[in-house]
Amino acid sequence: MPNPIKRITRNLRDLKVGRKSYEAGLLAKVVQVDAAKSAVVDRYLDLMRDVMIGRLTRDPAQPYITRPQIEASGPDFVIQPVAYDEATRDNGLDWPMTAFSMIGTKRMDNLRGICIAAIADGVGGDFVETGVWRGGACIFMRAILEAHGCTDRKVWVCDSFEGLPPPDAGEFPADEGLNLNEYDGLSISLEAVQDNFRSFGLLDGQVEFVKGWFKDTLHVAPIERIAVLRLDGDLYQSTIEALEALYPKVSPGGYVIVDDYGAFEACRKAVHDYLGKIGSGDITLANIDGIGAWFQKPA
């Protein structure tokens, strides 16, 4: 039976196509295909980002209204949406009415860059968010894993799924007056978040949910190693409880993102109190958009 490899080689010789030029041509095609795949990945993640934050649909914002304010307004009160503003949305300064995340374009792009860097640099561990609202940032992290063919990492979705706890000013004085528990719009059920994942085909074995108050759940959650830790708990209590439970699991060279670093002094104080306590007080956080900030754990 004729050897097909010899036949191909002979045909190439007859066509006066040298082996090196043939291999170079194949390599060029591979590069073109890789570039095309990369472009598709970028377009997919751009689309997911814009859907997550309501930029694609120009989703209006909901006003900041507490439960007592609604109750005082009477039974006929109707929440009036606030018109979409691109600059406000880019900086994550409003709460979308129906979209999946309030962190805005700049913080979403930061999350994307950090997750891709962790994958590219081989930083071991999973992606974790503490405080997820409707799940948008976590859905986006799962989409990043999907787009990059990464099957050996998980996304951990950690939340009370009941909103924020009442401030415990006795134990955490920095939280005094931060009555974020009165905003019912921050209370999204576990089932609703799972449905949001499902609607994008991203609810699978690479997603884990941790339900409950951080003080009860994070230190016992079966998370082994973390490549990216995203903190979005607003309060001093929520921030320091997440750091105490999870920062030791962040791999050397791993990333920590603090969503509310520039928004709440209590959150910022928790970060620096914790870093000072573990002897890492010299770490400087990089600004994202005036609200969020991040740092890389020393190797």
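The values are calculated or read from the model by the stated rules, or taken from the named source; none is laboratory data. Keep in mind it's a predicted model, so treat the numbers as computed, not measured. When we count neighbours, we look across all protein chains shown, and the Cβ atoms used for this are built from the backbone with ideal geometry, even at glycine.
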Within the stretch 193-211, work out how many residues are surrounded by fewer than 16 Cβ atoms within 10 Å (Cβ to Cβ) and farther than 21 Å from P222 by Cα.
4
List pairs: first residue in the stretch 104-117 and at pLDDT 95 or above, second residue of a type in the set (S, T, Y) anywhere in the structure, Cβ distance under 8 angstrom, at least six positions apart or on different chains.
M108/S101; I114/Y255; A117/Y255
Of the numbered conditions (1) at pLDDT 95 or above; (2) surrounded by fewer than 21 Cβ atoms within 10 Å (Cβ to Cβ), D184 fails exactly one; give the number of that condition.
(1)
Number of the condition not met by G136 [criteria: (1) in contact with a Ser or Thr (Cβ under 9 Å, 6 or more places away or on another chain); (2) in contact (Cβ under 8 Å) with a residue 60 or more places away in the chain; (3) crowded, with 24+ Cβ neighbours inside 10 Å; (4) under 24 Å from D216 (Cβ atoms)]
(4)
In the set E171, E129, E176, E146, which member is crowded, with 18+ Cβ neighbours inside 10 Å, over 14 Å from V210 (Cα atoms) and modelled with pLDDT of 95 or more?
E146
Among (1) assigned to a loop (DSSP other than H, G, I, E, B); (2) in contact (Cβ under 8 Å) with a residue 40 or more places away in the chain, P252 falls short only on (1)
When the residues of the stretch 29-71 are narrowed to those that are of a type outside the set (V, I, T) and in a loop (DSSP other than H, G, I, E, B), which ends up modelled with the lowest pLDDT?
Y64
For the stretch 128-161, give me each residue that is hydrophobic (A, V, I, L, M, F, W, C) and within 19 Å of D42 (Cβ to Cβ).
A137, I139, F140, M141, A143, I144, L145, A147, C150
Here are L246, L275: which of them is buried (at least 17 other Cβ atoms within 10 Å of the Cβ), over 19 Å from the mean Cα position of the chain (by Cα) and over 30 Å from A61 (Cα atoms)?
L275
So E146 ticks every box in (1) within 22 Å of A221 (Cα to Cα); (2) in contact (Cβ under 8 Å) with a residue 24 or more places away in the chain; (3) among the charged types (D, E, K, R) but one. Which box is left unticked?
(1)
Filtering the stretch 86-111 down to residues that are assigned to a loop (DSSP other than H, G, I, E, B) and among the polar types (S, T, N, Q), which residue is farthest from I288 (Cα to Cα)?
T98
